[in-house]
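Single-structure report; data block below.
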Amino acid sequence: MRIIVDANIVFSAILNTNSRVADLLINSESVFEFISHDYLKTELRKYHSKIAMISKMTAKEIEIIEFKITKPITFMSGVNVPSSVWIQSETLTKDLDDKDIPYVAFSLFYNCKIWSGDKVLRKGLELKGMKNVISTEEIFDYRDAKRDIIK
């Protein structure tokens, strides 16, 4: 299953490498294909100092953890996404968060769900008729069910 990874998921995993979120990113290769917009890398660089302040980690430690957390994610530019999809994504995220436009665009274009811990985004998109958002709990349950089938 292909999943779009939202920035808050990656931030969460970096800040707590022992969390379910980190476990899902690192240990779900056989179940999920994680993708994200290149914009996520920009967001990570932008907030390095904030991550360091919150986590008390050095820049080098953050860099190592970030590599481990983002390694399973395929990053793409979005150049193939038609302008009509970008416009639709902008409309859907209006009065939510402009930073989520790339994730919504990828979700629409690649016809897959956005993994996000952002409750405002999830609720806002659902109210606008978009059901393409999945929670950490739903992903965790899906992965476990798939692993049970394989056993």
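Any read-out appearing in this document is the output of simple, stated calculations on the displayed coordinates, not a laboratory observation. Here the structure is a predicted model, which means the values were calculated and not measured. Neighbour counts are summed over all protein chains in view; Cβ atoms, including those assigned to glycine, are modelled from backbone coordinates with ideal geometry.
At a Förster radius of 30 Å, what calculated FRET efficiency corresponds to the Cβ-Cβ distance of Ser83 and Thr42, to the nearest 0.05? Calculated transfer efficiency: 0.90. Less than 5 angstrom separates the built amide H of Met130 from none of the residues sequence-distant by 5 or more or on a different chain. Here the stretch 57-98 is treated as a sphere whose radius is the Kirkwood value from Cα pairs; by Stokes-Einstein at 37 °C and 0.692 mPa s it diffuses with a coefficient of 248 µm²/s.
In terms of its C-alpha gyration tensor, the stretch 1-88 comes out oblate, because a/c is 1.5 or above while a/b does not outweigh b/c.
The order of Ser89, Ser84, going from fewest to most other C-beta atoms within 10 Å of their C-beta, is Ser84, Ser89. Sequence neighbours fewer than 8 away in the same chain don't count; with that in mind, list the aspartates and glutamates whose C-alpha is under 17 Å from Lys41. Result set, ordered by chain and number: Asp6, Glu61, Glu63, Glu66, Asp98, Asp100. Dividing the summed helix terms, -39500 (n - 2.57) for each DSSP H run of n ≥ 4, by the number of residues in the chain produces a 222 nm estimate of -17000 deg cm²/dmol to the nearest 500.
In plain terms, the chain from Lys68 to Ile54 could stretch by 3.1 nm, reckoned as 0.36 nm per residue minus the Cα-Cα distance.
Taking other residues whose beta carbon is less than 12 angstrom from the beta carbon of Asn8, and scoring Lys, Arg as +1 and Asp, Glu as -1, yields -2. Sorting Glu137, Glu43, Glu33 from the fewest to the most surrounding beta carbons within 10 angstrom yields Glu137, Glu33, Glu43. The ranking of Arg20, Arg122, Arg45 from fewest to most other beta carbons within 10 Å of each one's beta carbon is Arg45, Arg20, Arg122.
Legend: P(r) of the stretch 2-150 from all alpha carbon pair distances, 10 Å bins from 0, whole percents, reading 11, 41, 35, 13, 0. Taking the three principal axes of the alpha carbon atoms in the stretch 1-41, the coordinate ranges are 25, 23, 10 Å, sorted in descending order.
Checked against a 20 Å cut-off, the cross-linked pairs Lys68/Lys123; Lys46/Lys68; Lys99/Lys119; Lys71/Lys131; Lys99/Lys123 give Cα-Cα distances beyond that limit for Lys68/Lys123; Lys71/Lys131.
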